[in-house]
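Q: Let me give you the structure first, and then I'll get to my questions.
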Amino acid sequence: MTTRNASCGRPRCRAWIGPALAAVLAPALALASSHREAPAISNDPAADNTDLYAWVSPDHSKLWVIANWIPFQEPAGGPNFYKFSDDVRYEIHVTQGATSLTDAIVFRFEFKTQPVQHVDPANLSLPPGGGKEFFAQLAGAFAQTYTLTKIAADGSQTVLVQNGKVAPPRIGPRTQQAANQLGLAPFTSPTYDDAFAATFITPTTGVAGGRVFVGPRDDPFYADLGGIFDLGNLRPAGQAQDGLSGYNVHTIAMEIPVEQLTANGQRPTQPGNDALVGLWASSSRRATSVLMADGTTQTSGDFVQVSRLGLPLVNEALIGYQDKDKYNRTQPKDDVQNFGAYLLNPVVVRDAEAVGLYTQLGLDPKQFESNRTDIIDAINLKNVPTTGAHSIPLSATGDVLRVDLATDSAFPNGRAISPGTNKEQTDVVDAIFTLVLTEGQKPISDGVDHNDKTFLSDFPFLALPWQGFDEGHGKP
């Protein structure tokens, strides 16, 4: 047997730099929205956060949250297709107000996969011929369910979804049709279309208006990874290539009534500190896992956090390489103590200076190297939606995605996709690097400005996953 200790962190991998960074990327600039962003997590993709989105509905009655895991899913990667791990706790954390980053609410997702029965293929009640083992697998391994539990600050727990159904992988048209004809759950439709995927949207128990979707979707992030990881060898718009095109992620999407998120149970009407929530997502594993001789895994010990994500690109763009695993193991409430120097003195600025970026831009890098309180003000929404709207103390500063529930979302006040389009509301790659590298004085862009699929106009918003039969990046 093999024993693994889970107390190390785990990574992600996405990147965003811009045409002006064509000469920039040294190893410290090897970035990505959270797909392999740290050494340890790159070895544990099932626990790897990729992106977090959160924004209020136009009438401010609901908060939409989308958290993604498992980066770079090859749609044709069968016969063992991707799924959430039964051994990982996937959590979405919510803080309240401006003075504390302690969890006020945790939404915990735990998964269970139906065991595949070891049956003599000759005895399976399926049509004669080949493929019986494959269909036996379909009937078991992809019938995955989840439990969603809401955990309050006092530790009390409420089950919001019990035995919720996870949407299956989108393998291809022949498999979908044949499995449906055989009555194999969860392939209960002859076609894998939006209507079929919508059958996996589940209402929350005891929370009117709450809904959840869990399953694979198209990866909504976009960036020229090929150019970025070739030492910033980036191409202009029209030539840049989206390195995430044709890949899937696994998504947890939540539609939450705003009243469920506030301390007083009321919908806030005025922007300000009392209307703030902060969100971050995490993955945790048992401290010890043992691989048994029969191929099963036994776990024991406390759960240990191995991955986390709040704002896009914080670990990727601001945290030094030697501390990236530590970042994944720690919590936002300790970010100032652990990583405050990185936030105020971004290493990416010095890296960009070393390779001549600021010479190209005609800017003095010294003005961007230290005491970057403008970065702190931006992530703390100091001047959003109006000057001095929020006053978050340094002690409550950390990697959480802040949302003012009483005002329209616009990054960094939340992070929204634009329903019915192929774009995020804000190109966060361009926005973050423009802020960090030039304080907004000159724009930085990676040349990729849209997703490879159009987002839906309604919940769960992300487009259908690619299918292995004709995934988007393997065209002849």
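Q: When a/c is below 1.5 the answer is rounded, else prolate if a/b is larger than b/c, else oblate, so apply that to region 373-445 with a ≥ b ≥ c taken from the square roots of the Cα gyration tensor eigenvalues.
A: Oblate.
Q: Helix 428-438 sits at what angle to the longest principal axis of the chain, using alpha carbons and giving 0 to 90 degrees rounded to 10?
A: With rounding to tens, the tilt is 20 degrees.
Q: Can you give the Rg to Rh ratio for region 435-476, taking only C-alpha atoms and Rh from Kirkwood?
A: Value, to two decimals: 1.18.
Q: Divide the volume of the convex hull of the Cα atoms of region 264-377 by its number of residues and quote the answer in cubic angstrom per residue.
A: Per-residue hull volume (Cα only) is 202 Å³.
Q: Given the peptides 407-417, 95-105, arrange them by the average over their residues of other C-beta atoms within 10 Å, most packed first. Let's see the in-between values first.
A: Values: 407-417: 21.3, 95-105: 18.6.
Highest-to-lowest ranking by the protection proxy: 407-417, 95-105.
Q: Let me ask you something else. For region 272-330, what is the per residue volume of the convex hull drawn over the alpha-carbon atoms, in cubic angstrom?
A: 139 Å³
Q: With labels modelled as points extended 7 Å from the Cα through the Cβ direction, what inter-label distance (nm, one decimal) is found for Ser457 paired with Thr205?
A: 3.5 nm
Q: Related question: With angles folded into 0 to 90 degrees, how steeply does helix 132-141 sit against the dominant principal axis of the chain? Use alpha carbons for both and round to 10.
A: 50 degrees
Q: Separate question: How charged is the neighbourhood of Thr434? Take every other residue with its Cβ under 13 Å from the Cβ of Thr434, and add Lys/Arg as +1 and Asp/Glu as -1.
A: Charge balance in the 13 Å sphere: -4.
Q: Can you grab the distance from the C-alpha centre of region 35-86 to the C-alpha centre of region 150-201, Å, no decimals?
A: Centre-to-centre (Cα) distance: 16 Å.
Q: Still on this structure: What is the packing order of peptides 183-196, 420-433, taking the mean over residues of other C-beta atoms within 10 Å and listing the highest first? It would help to have the intermediate numbers written out before the result.
A: Working: 183-196: 15.6, 420-433: 20.1.
Ranked by mean Cβ neighbours within 10 Å, highest first: 420-433, 183-196.
Q: Over 31 Å between Cα atoms: which of Lys62/Lys324; Lys165/Lys382; Lys326/Lys366; Lys165/Lys333; Lys83/Lys382 fall into that group? Working shown, then result.
A: Details: Lys62/Lys324 33 Å; Lys165/Lys382 41 Å; Lys326/Lys366 28 Å; Lys165/Lys333 33 Å; Lys83/Lys382 39 Å.
Lys62/Lys324; Lys165/Lys382; Lys165/Lys333; Lys83/Lys382, as the Cα separations exceed 31 Å there.
Q: Return the Rg/Rh ratio of the chain with Cα-based radii and a Kirkwood Rh.
A: 0.97
Q: Return the aspartates and glutamates within reach of Lys442: Cα separation strictly under 17 angstrom, same-chain partners fewer than 8 residues apart disregarded; answer none if there are no such residues.
A: The reachable aspartates and glutamates, counting only those whose Cα sits under 17 Å from Lys442, are Glu353, Asp364, Glu369, Asp374, Asp427, Asp430.
Q: For region 2-460, calculate the relative contact order in percent as a whole number, restricting contacts to Cα pairs under 8 Å that are 6 or more residues apart. Please list the in-between numbers first.
A: Values: 1117 pairs, mean separation 110.5, N = 459.
About 24 percent, as a whole number.
Q: Subtract the Cα-Cα distance of Glu74 and Ala195 from 0.36 nm times their separation in residues, and report this length gain in nm to one decimal.
A: 41.2 nm
Q: Additional query: Among Arg285, Arg108, Arg235, which comes first, then next, by fewest other beta-carbon atoms within 10 Å?
A: Details: Arg285 25, Arg108 20, Arg235 16.
The order, fewest Cβ neighbours first, is Arg235, Arg108, Arg285.
Taken together, the values in this text are just the output of simple stated rules run on the coordinates, not laboratory data. As the structure is a computational prediction, the values presented were derived from the model and not from experiment. Cβ sites come from the backbone with ideal geometry, for glycine too, and all protein chains shown count toward neighbours.
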